[in-house]
Amino acid sequence: MVFKRLLGAIGVGGPAVDTVLDTGVALPGGPLSGQVHLRGGDATVEIEHIGLELVARVEAEHEQGESEGTVAFARFTVGGGFRLGEGEHRSVPFGVTLPWETPITELYGQQLGVVLGVRTELAVAGAKDKGDLDPLAVRPLPVQEAVLEAFGRLGFGFHSADLEYGHIGGTGQRLPFYQEIELTPAPQYAHAVDEIELTFLAAPEGVEIVLEADKRGGLFSSGHDALARFTVGHQDVHTRDWVADLDGRVRQLVEHRPAHGAHDPYPGHGRHGDHHGHHDGHHSGPGIGTAVAAGAAGLAVGVVGGLVAAEVVDEIGDFFGGDED
């Protein structure tokens with residue numbers, strides 16, 4: 001889907017921009033290519049630069065509660081330094097590389113409710129306008145897909161996915177936010193845990209995986225969180241028994257109650273670094289609605305809280321329109 005808009009900052013009769021991404025779904029750390037189509041207005045203008053900005057809808061916690069906003073997490077200059085004549089049509093091809101920590105937006109073709117976009121900025125004679133916005137679809141890396149597939153085989157279900165503003169202390173996180181994928185417990189763990197929260201922090205050498213178990217309280221104790229963190233190389237995706245590995249890690253989280261004050265592996269930071277601590281009831285992503293099979297014995301992915309995938313794409317303009325980082 002392409003959103004076309006006359007550049008208001010330039011005035012009526014100014015140039016128009018239309019960015020078209022190449023077909024297909026991108027990968028974290030992978031290439032993103034396309035064309036920026038320009039149409040000249042009523043006069044010749046100097047195109048100073050053409051910029052692309054990757055943006056995401058991100059949740060933030062503060063004293064007043066939670067809020068959502070747009071965060072730009074990468075910027076690229078893909079052209080500029082030429083004159084665009086009156087009524088002239090020109091296409092500028094581009095190829096950029098996505099950050100490794102770019103969140104995933106779909107699994108087996110099913111939308112997860114995470115919204116990313118590519119916004120185009122055109123600078124003409126000192127005036128700038130963010131004149132075009134296109135949705136960005138990102139599928140998992142092989143390691144990420146293997147982890148999600150293994151959780152599905154263990155009986156876990158997909159509950160929601162969102163982007164949280166903040167930093168997970170003690171990790172190699174680079175972006176100002178992280179993706180949190182919330183899984184409903186498998187039957188064998190339902191008595192002990194409310195949910196498993198999963199975060200991927202991809203890098204060129206591998207993927208750092210953070211697991212958080214939201215453990216149920218007992219008759220004489222309150223619930224608490226247990227955390228685990230490990231890194232897997234990209235080359236290890238086919239050499240590991242993922243089901244057994246993750247089952248062992250989850251079992252260790254669930255069955256071994258850490259000593260008081262020792263359950264946080266990132267002392268002084270907490271799960272969410274210096275920005276905020278663990279929180280409850282923030283499930284803003286897709287809920288378990290009409291579940292569909294996500295591959296053979298794969299993770300069950302729900303319809304986005306009654307909002308089908310096409311509507312998520314259609315409303316991307318509402319999510320990002322007029323919202324600056």
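The values are calculated or read from the model by the stated rules, or taken from the named source; none is laboratory data. Treat the numbers as computed from the prediction; the structure is a model and nothing was measured. So basically every Cβ, Gly included, is an ideal-geometry build from the backbone, and we count neighbours across all protein chains shown. Accessible surface areas use protein heavy atoms only, side chains included; no ligands, DNA or RNA. Shrake-Rupley method; radii C 1.70, N 1.55, O 1.52, S 1.80 Å.
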Exercise. Calculate the length of the line joining the C-alpha centroid of region 158-202 to that of region 98-124, in whole Å.
Key: 19 Å
Quiz item: Can you give the extra length, in nm with one decimal, that the chain gains between A127 and F76 once fully stretched, where that is 0.36 nm per residue apart less the Cα-Cα distance?
Solution: 16.6 nm
Quiz prompt | Efficiency of FRET from Cβ geometry, V25 and A244, R₀ 35 Å, rounded to 0.05 | solution = 0.75
Quiz prompt | For G206, distant residues with modelled amide H under 5 Å away | solution = H234
Quiz item: Each residue of region 235-251 in turn: what ³J(HN,Hα) in whole Hz from Karplus with 6.51, -1.76, 1.60 and θ = phi - 60°, glycine and Pro shown as x?
Solution: 6, 8, 4, 9, 10, 10, 7, 5, 4, 5, 4, 5, 4, x, 5, 5, 4
Quiz item: What is the set of long-range amide H partners of D22 at a cut-off below 5 Å, with H atoms built 1.01 Å from backbone N?
Solution: S33, G34, Q35
Quiz item: Could you give me the ³J(HN,Hα) list for region 73-89, computed from phi with Karplus coefficients 6.51, -1.76, 1.60 and θ = phi - 60°, whole Hz, x at Gly and Pro?
Solution: 10, 6, 9, 9, 9, 10, x, x, x, 8, 9, 10, x, 4, x, 6, 10
Practice problem: Apply the Karplus parameterisation 6.51 cos²θ - 1.76 cosθ + 1.60, with θ equal to phi minus 60°, to every residue of region 186-191 and state each ³J(HN,Hα) to the nearest whole Hz, in sequence, with x for glycine and proline. | Solution: 5, x, 6, 10, 4, 6
Quiz item: For the peptides 34-46, 93-105, what is the packing order when you average, over each peptide's residues, the other Cβ atoms within 10 Å and list the highest mean first?
Solution: 93-105, 34-46
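Carbon and sulfur: what percent of region 59-183's accessible surface (1.4 Å probe)? It would help to have the intermediate numbers written out before the result.
Details: 2100 of 4560 Å².
On region 59-183, the fraction of accessible area on carbon and sulfur atoms equals 46 percent.
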Quiz item: Counting only residues 5 or more places away or on other chains, whose amide H sits under 5 Å from the amide H of G80 once H atoms are built in the peptide plane?
Solution: I50
Exercise. Please give the contour-minus-distance gain from S33 to E205: 0.36 nm per residue of separation, less the Cα-Cα distance, rounded to one decimal in nm.
Key: 59.6 nm
